[in-house]
Amino acid sequence: MAGFAWKELLVDREAKVWRFSSNGQLLWQQTYGGDGNDMGNGIVRLADESLVVVGVTTSKGAGKTDLWTFGLSSEGKQLWEETFGDP
């Protein structure tokens, strides 16, 4: 599941990912992002059990609200990231 968590109440958000087992047990949870607002809006699991998260960021890229996508290992380690937006 992808979403966000407040780092500082009503000021700064970071993307958050929760991974659950097939029976609903929480396996891990991790936050991702930087100094701005970052949110996870969607997530997909690939055949190799890795995850791809899509969302928005103001921490990375052009510094405005940019599309942000990043890949995670099945254990939650960030493998790659890309941002898309105009300066």
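Rule-based calculations on the coordinates, nothing more; no lab input. Remember, predicted model here, so these are calculated numbers, not experimental data. Note: ideal-geometry Cβ built from the backbone for every residue, glycine included; neighbour counts use all protein chains shown.
Somewhere in the range 72-79, is a residue in contact with a Ser or Thr (Cβ under 8 Å, 6 or more places away or on another chain) and among the charged types (D, E, K, R)?
Among the residues of the range 72-79, not one is in contact with a Ser or Thr (Cβ under 8 Å, 6 or more places away or on another chain) and among the charged types (D, E, K, R), which makes the answer no.
Considering only strands (runs of 3 or more DSSP E) fully contained in the chain, which possess at least 1 residues that are crowded, with 18+ Cβ neighbours inside 10 Å and within 9 Å of the chain's Cα centre (by Cα)?
Result: 2-8, 12-20, 26-32, 38-45, 51-57, 66-72.
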